[in-house]
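First up is the structure itself, then whatever we jot down about it.
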Amino acid sequence: MRTVLHVGPSQTRGGMGAVIQLLLANPPSGWKADDLSSHSDGGVVDVLKAWWNVRKQLKVRLSLGDVDVVHIHTATRWSWKRKTGLIKIAQNANIPVVLSLHSGDFDRHCKERGPEVHRVCSTLHTVVLTERWQETLSPWLGESSVIPNPVPNVSPSTERNRTEFLLMGRSNPMKGQEIAIEATRKLRSQGIDVTLHLTGIEHSEPGITGHGWVSGETKERLMASCGTLLSPSKWEGLSMSVIEAMARGMPVLASKASEGVFDKSGKIIDLDATAFSEAMQEMIEGDDWQEMASLGPVEAEKYQLANVIPKWGQLYEGVVK
């Protein structure tokens, strides 16, 4: 049985870590999966320690001769800088490298560091999340493959409160929490009894609750009971919360950063509070909500583990050969 070694923020919070955990738990047929964590949720010192440790660990692990493919996961900026060093270690050990690009602003990164990106990516096999990203990044990447994030095995929920909205994401202005908060305030000022649930941040005011980082039962309860998912992000690679909401039968209101991810199970909304408040009101009072909810699991089929994991198996076999 062959082994793929995932290198990235596998033990940290966020979408990239969630994806790596799914790939670790569900390796392709004929493969087993291991990981080395390259990041820490702590401060700068913790991050640097994690980087130096993973460099040492990777050299030791590859010296054992039991790794067939090194699968490196990267975002931009310092994530990219750290990963280029790890790529060199794997290549010096003559191990095939697959590089997954997770960041939703990798086009900006390429505009700043295009020659370096092209030089690195021309020496390995690069994977992007959507056809749109493949087209956008092709001037810098050259040839690449498209394999989307997998959605975990979840069941649709029909017991949803259409007046409750959910925004899931880390504490970062690019996730659009302030837009969702202002949209909710607008609706409540009009006498519409709406509730916004936020994860990743602490917040408390009438009708708006920031739960902080959630997992387990709290996440399951929110994902199963809220009526609509909000994703007013400035950029996204392929939002895990969006595709999981679709699979669960939760309609999605998202910015253009999620354009192409869904067809009729969500709506693309202009990135401002007024547009989102109007769309939220329509989700409460309009006729489209039920149809969008029913179409979510259908449109999420292409993101299901059973459909995504074999693509990784084919790719790994290809780079080994």
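Some observations on this one:
- Ranked by how many other Cβ atoms sit within 10 Å of their own Cβ, fewest first, the residues Tyr316, Tyr303 fall in the order Tyr303, Tyr316.
- Spacing of the two label points (7 Å from each Cα toward its C-beta) at Glu116 and Asp34, in nm: 3.0 nm
- Inter-label distance, Val146 to Val320: 2.7 nm, where each label sits 7 Å from its Cα along the C-beta direction.
- Helical contribution to [θ] at 222 nm, DSSP H n ≥ 4, -39,500 (n - 2.57), averaged over the chain, rounded to 500: -14000 deg cm²/dmol
- Column: log10 I(q)/I(0), Debye, Cα scatterers of region 102-207, q = 0.16, 0.18 Å⁻¹: -0.87, -0.94
- Here region 26-164 is assigned +1 on the Cβ of each Lys and Arg and -1 on the Cβ of each Asp and Glu. Its dipole about the Cα centre then comes out at about 540 debye.
- Which of Ser204, Ser10, Ser145 has the fewest Cβ neighbours within 10 Å, and the rest in rising order: Ser204, Ser145, Ser10
- Part-to-part distance (alpha-carbon centres) for region 1-45 and region 172-194, which is given in Å: 34 Å
- Toward the positive end of the charge dipole of the chain, with +1 on the Cβ of Lys and Arg and -1 on the Cβ of Asp and Glu, the farthest Cα among Thr12, Gly266, Met283 is that of Thr12.
- Placing +1 on the Cβ of every Lys and Arg and -1 on the Cβ of every Asp and Glu, with no other charges, gives region 161-302 a dipole of roughly 340 debye about its Cα centre.
- The listed peptides 17-29, 151-163, ordered by packing as a protection proxy, come out as 17-29, 151-163 (highest mean of other Cβ atoms within 10 Å first).
- Over 26 Å between alpha carbons, listed pairs Lys83/Lys175; Lys88/Lys175; Lys59/Lys175; Lys88/Lys234: Lys88/Lys175; Lys59/Lys175; Lys88/Lys234
- Cα centroid separation - region 266-321 against region 132-157, whole Å: 13 Å
- Cut-off under 5 Å, modelled amide H: who pairs with Ser233 long-range: Ser255
- Calculated SAXS-style log₁₀ I(q)/I(0) at q = 0.11, 0.17 Å⁻¹ - region 161-302, Debye, Cα scatterers: -0.33, -0.85
Only the coordinates and a few stated rules stand behind these numbers; no lab work does. As the structure is a computational prediction, the values presented were derived from the model and not from experiment. Note: ideal-geometry Cβ built from the backbone for every residue, glycine included; neighbour counts use all protein chains shown.
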